[in-house]
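Q: First the structure, which I've put down as structure tokens, then a few questions once you've had a look.
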Amino acid sequence: MLRMSERSESAGVPGSGLVKGLAVTLKTMTKRSTTQQYPDVVPDLPPRSRGVIALLEENCTVCMLCARECPDWCIYIDSHKEEVAVPGAARPRQRNVLDRFDIDFSLCMYCGICIEVCPFDALYWSPEFEYSEYDIKDLLHDKDHLGEWMATVPPPPAHDPQGEPAKEETAAARKAAVPAASAARPTVPAVRPERRPAARPPTAEPAAADAGTPETDAGEGTPT
């Protein structure tokens, strides 16, 4: 056990803790306050804030990717098929018509997976966050309510000039460069090459005499 003198030394000067606390208080009081007076002053949110999810209904094709990838299973989608007559086609085509698109924000954990996996840009982040309700059932937003949040979706930020261009921009520039290059290329009339007569194969020389016939004297006619 510690003696009384050791205890007093370890405790320090009486009232030192109070002085240190008051020093921190005075130091904080001299600094400028950064508290935002919400709700009287609207907070300045960052551009990528996750407030509420908005739905662009005309872009939804009922592919069900958002509902299948949602880890909380808080997206409910119903649809039906309709036939669309296409002029010139042998038979009418079918398309999905969205009947129900609900998001239960009492279960949503705002992970953003549904927005990332949507291949047709039907879901967007809205910075609005003031949609609290007294009843938890009112946090189930239907497609009409989700469509109203589209008015609060900010425009996409501009691309970094030092960054790489988007794939869509690169593909569009490549398609535009092909007809321009073909139009600028000078047209040269095609010249048909002259046809030269085919070379005849060399003919074989006639044999001088039969190898099996003996030579004869011109005068006598007898074999030599």
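Q: For the range 92-199, which helices (runs of 4 or more DSSP H) that fit wholly inside it have 2 or more residues that are modelled with pLDDT of 80 or more and among the small types (Gly, Ala, Ser)?
A: Working: elements: 113-117, 143-148, 167-184.
Output list reads 167-184.
Q: Within the range 82-110, how many residues turn out to be hydrophobic (A, V, I, L, M, F, W, C) and farther than 20 Å from Ser132 by Cβ?
A: 8
Q: Need pairs with beta-carbon distance below 8 Å; first residue open to solvent by less than 100 Å² (accessible area, probe 1.4 Å) and within the range 26-45, second in a loop (DSSP other than H, G, I, E, B) and modelled with pLDDT under 85; sequence gap 6+ or separate chains.
A: Pairs that qualify, where the first residue is open to solvent by less than 100 Å² (accessible area, probe 1.4 Å) and the partner is in a loop (DSSP other than H, G, I, E, B) and modelled with pLDDT under 85, are Pro43/Gln36.
Q: Look at Ser126 and say whether it is in contact (Cβ under 8 Å) with a residue 60 or more places away in the chain and polar (S, T, N, Q). Full working, then the answer.
A: On the way: in contact (Cβ under 8 Å) with a residue 60 or more places away in the chain: yes; polar (S, T, N, Q): yes.
Answer is yes for this residue.
Q: Okay, next question. Looking only at residues in the range 59-72 that are free of Cβ contacts under 8 Å to residues at least 40 places away in the same chain and charged (D, E, K, R), which one is farthest from Asp104 (Cα to Cα)?
A: Within the range 59-72, the match that is farthest from Asp104 (Cα to Cα) is Arg68.
Q: Still on this structure, I have one more. Looking only at the range 98-110, which residues are of a type in the set (A, V, I, L, M, F, W, C) and farther than 11 Å from Ile53 by Cα?
A: Listed by number, the residues that qualify are Leu98, Phe101, Leu107, Met109.
Q: Looking at the structure I just gave you, is Gly112 in contact with a helix residue (DSSP H, G or I) (Cβ under 9 Å, 6 or more places away or on another chain), under 23 Å from Thr152 (Cβ atoms) and not aliphatic (A, V, I, L, M)?
A: no
Q: Any chance the range 80-92 includes a residue that's more than 24 Å from Pro154 (Cβ to Cβ) and touching an Asp or Glu at 6+ places or on another chain (Cβ under 7 Å)?
A: In the first step, residues of the range 80-92 are kept if they are more than 24 Å from Pro154 (Cβ to Cβ); the result is 80-92.
In the following step, the residues that additionally are touching an Asp or Glu at 6+ places or on another chain (Cβ under 7 Å) were identified as 80, 92.
Yes, the range 80-92 contains a residue that is more than 24 Å from Pro154 (Cβ to Cβ) and touching an Asp or Glu at 6+ places or on another chain (Cβ under 7 Å).
Q: For the range 57-84, enumerate the residues that are open to solvent by less than 50 Å² (accessible area, probe 1.4 Å) and part of a strand (DSSP E or B).
A: Listed by number, the residues that qualify are Ile75, Ile77.
Q: What's the number of the only condition in (1) open to solvent by 40 Å² or more (accessible area, probe 1.4 Å); (2) in a strand (DSSP E or B); (3) within 30 Å of Glu168 (Cα to Cα) that Ala54 fails to meet?
A: Condition not satisfied by Ala54: (1).
Q: Within the range 123-138, can you find the residues that are over 14 Å from Ile103 (Cβ atoms) and of a type in the set (S, T, N, Q)?
A: The one that is over 14 Å from Ile103 (Cβ atoms) and of a type in the set (S, T, N, Q): Ser132.
Q: Pick from the range 104-160 the residues that are aromatic (Phe, Trp, Tyr) and surrounded by fewer than 16 Cβ atoms within 10 Å (Cβ to Cβ): which of them is nearest to the chain's Cα centre (by Cα)?
A: Out of the qualifying residues, it is Phe120.
The values are calculated or read from the model by the stated rules, or taken from the named source; none is laboratory data. None of these values were measured; they are calculated from a predicted model. Cβ coordinates were reconstructed from backbone atoms using ideal geometry, including for glycine residues, and neighbour counts include every protein chain displayed. Remember, those area values only see protein heavy atoms, side chains included, never the ligands or the DNA or RNA. Shrake-Rupley method; radii C 1.70, N 1.55, O 1.52, S 1.80 Å.
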